[in-house]
1. Of the conditions (1) in contact with a Ser or Thr (Cβ under 7 Å, 6 or more places away or on another chain); (2) modelled with pLDDT under 95, Y45 clears all except one; give me its number.
2. How many residues are more than 15 Å from K72 (Cα to Cα) and in contact (Cβ under 8 Å) with a residue 24 or more places away in the chain if we restrict to region 3-15?
3. Taking region 39-62 as the region of interest, how many residues are surrounded by 16 or more Cβ atoms within 10 Å (Cβ to Cβ) and either of a type in the set (V, I, T) or over 13 Å from F25 (Cα atoms) (or both)?
4. Conditions: (1) at pLDDT below 95; (2) at positive phi. D26 meets all but one. Number of the miss?
5. Out of the residues in region 34-72 that are outside any helix (DSSP H, G or I) and β-branched (V, I, T), which is nearest to N2 (Cα to Cα)?
6. Which residues, counting only those in region 28-59, are over 20 Å from E69 (Cβ atoms) and of a type in the set (G, A, S)?
Amino acid sequence: MNIQIEYQFETEQKAYRFLNTARHFDAQNLKVKFGRSDHHVQVAYEYADHQFDTTASDLDDLARELEGEEVK
């Protein structure tokens, strides 16, 4: 299953820090890029089959650390 999440940050610097950190997460077919602006980061990956996948939770935690949030 393909998962797509977009996060929004108050500054470009925090968005860039999130982008660079999230790029190194261990997820199948992980793609991380700027979203609709330089304050948004879009993440796409394949949900791990047959095991518990913590990627979305880990991304949420990282975004929260950088004062960002998921775009609903």
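1. (2)
2. Count: 5.
3. Within region 39-62, residues that are surrounded by 16 or more Cβ atoms within 10 Å (Cβ to Cβ) and either of a type in the set (V, I, T) or over 13 Å from F25 (Cα atoms) (or both) number 6.
4. (2)
5. V43
6. Scanning region 28-59 gives a single hit, A48.
Conditions (1) closer than 14 Å to L62 by Cα; (2) touching a Lys or Arg at 6+ places or on another chain (Cβ under 9 Å); (3) not polar (S, T, N, Q), marked per residue:
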{"site": "M1", "(1), (2), (3)": "no, no, yes"}
{"site": "L19", "(1), (2), (3)": "yes, yes, yes"}
{"site": "H24", "(1), (2), (3)": "yes, no, yes"}
{"site": "R36", "(1), (2), (3)": "no, no, yes"}
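Okay, residues lined up against (1) touching an Asp or Glu at 6+ places or on another chain (Cβ under 6 Å); (2) free of Cβ contacts under 8 Å to residues at least 12 places away in the same chain:
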position	(1), (2)
M1	no, no
R17	no, no
A22	no, no
A27	no, no
L30	no, no
F34	no, no
D38	yes, no
E46	no, no
S57	no, yes
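The values are calculated or read from the model by the stated rules, or taken from the named source; none is laboratory data. Predicted, not measured: the structure shown is a model, and the values here were computed from it. Please note: Cβ atoms are built from the backbone with ideal geometry, for glycine as well, and neighbour counts cover all protein chains shown.
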